[in-house]
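Peer 1: The structure that follows is given in the form of structure tokens.
What follows draws every value from the coordinates through simple rules; no lab data is involved. These figures come from a predicted structure and were not determined experimentally. Backbone-built Cβ (ideal geometry, glycine too); neighbour counts: all protein chains shown.
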Amino acid sequence: MEKRVTFKGWKLPFLLIMPQVLVSAVFFFYPAGQAIWQSMFIPDPFGLSTRFVGLGNFEYLFGNSHYRASFVTTAVFSLLVTVCSMVPALFLAVLADRLVKGAGTYRTLLIWPYAIAPAVAGVLWLFMFNTRIGIVAWYLGKLGYDWNHVLNGAEAMGLVVVASSWGRISYNFLFFFAALQAVPKSVIEAAAIDGARFWRRFFTMVLPLISPTMFFLLVVNVVYAFFETFGVIHTITGGGPQQSTTILVYKVFSDGFVGQDLGSSAAQSVVLLVVVGVLTVVQFKFLEKRVHY
């Protein structure tokens, strides 16, 4: 029978959860409450006066074609980043799991990019693809392709997707590799003895066994694409050209800190919070049913 831990009083459980409650209250609930409150006002840029408008900021946002376009941009960007960071990570984890000689060295090299901050990664990729001094752009020019992400929206989107996915591959690799290491070798060996080839064993046995890890990484990478890619976009494209790389979180910054439209920026942050919350609930509601625990 399962042994359950019980507490005789309420003081010890309260003390155990108090640090997490305080951190959540200070860094999540209080800022979220402030954003909801400020989204119902239009303050002046100097913060000297405010005017109550109720849901006026939200009505203005959804009537703005540029803001509606940022939803499509965010959806495309988050999908590409999630796929481009998870698929190569799983492939590398499979190779590292099968590697015997020099395995530790290869694993260390694969983990290194995760230590680089998103803004630094953006600068690195910007230098490589710079239209004047970038080595990759120079080679592309030699091949007859005129690379210019400053003017071409598709190229700008591709560059920020690659730069955002590059460092995230290492993070996903760690979890995929740990999940593959936890797969019982006896089960794989039994299937191999029965004549199942590698890819058949992988898709019919290994993938279902590591599906909890895949589901976790799916949720985490979507949240990463929505929030943590700000530094990459800011250093490489600044949301351009023509707002082709302006995702929701970057529009919050550009309208609030650059355009000084604080009421609209607060409303956008509320909408972003709701969108990510709903998306996470949908993932747990429908995708988790396919996970084998």
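Peer 1: Please report Rg over Rh for segment 60-156, where both radii come from the alpha carbon positions and Rh follows the Kirkwood definition.
Peer 2: A ratio of 1.09.
Peer 1: Related question: When the chain is fully extended, how far beyond the present Cα-Cα distance does Leu273 get from Lys11, taking 0.36 nm per residue of separation?
Peer 2: Full extension from Leu273 to Lys11 adds 91.0 nm.
Peer 1: Length gain on complete extension for the stretch Phe52 to Leu218, per 0.36 nm per residue less the alpha carbon to alpha carbon distance?
Peer 2: 55.8 nm
Peer 1: Which residue, chosen from Ile111, Ile133, Ala35, occupies the Cα position most advanced towards the positive end of the dipole of segment 1-150, where the dipole is computed from +1 (Lys, Arg) and -1 (Asp, Glu) charges on Cβ about the Cα centre?
Peer 2: Result: Ile111, furthest along the dipole toward the positive end.
Peer 1: Which three extents, in whole angstrom, do the alpha-carbon atoms of segment 1-86 cover along their principal axes, largest first?
Peer 2: 59, 44, 21
Peer 1: From the mean inverse distance of alpha carbon pairs (Kirkwood) and the Cα radius of gyration, derive Rg over Rh for segment 154-293.
Peer 2: 1.13
Peer 1: How high is the relative contact order of the chain, in percent, with contacts defined as C-alpha pairs under 8 Å that are six or more residues apart?
Peer 2: Worked out over the chain, it gives 27 percent.
Peer 1: What distance in nm separates the simple spin-label points at Val187 and Val23, each placed 7 Å from Cα in the Cβ direction?
Peer 2: Those two pseudo-labels are separated by 3.2 nm.
Peer 1: Another question, if that's okay. Any chance you could list P(r) for segment 215-277, counting all Cα-Cα pairs in 5 angstrom bins from zero, rounded to whole %?
Peer 2: Going from the shortest bin to the longest, the percentages are 4, 18, 24, 24, 19, 7, 3, 1.
Peer 1: Tell me which residues come under 5 Å, amide H to amide H, from Phe41 once H is placed; ignore anything under 5 positions away on its chain.
Peer 2: Here the answer is Val53, since their amide H atoms fall under 5 Å of that of Phe41.
Peer 1: On a straight-distance basis, which aspartates and glutamates could pair with Lys251 in a cross-link, Cα separation under 18 angstrom, same-chain partners fewer than 8 positions away excluded?
Peer 2: Leaving aside aspartates and glutamates fewer than 8 places away in the same chain, those within reach of Lys251 are Glu59, Glu228, Asp261.
Peer 1: Also: For every other residue with a beta carbon closer than 14 angstrom to the beta carbon of Val53, add +1 if it is Lys or Arg and -1 if Asp or Glu, then tell me the sum.
Peer 2: -2
Peer 1: In Å, what is the Rg of the alpha-carbon atoms in the chain, and how long is Dmax?
Peer 2: Computed over the Cα atoms of the chain, radius of gyration and Dmax are 23.4, 76 Å.
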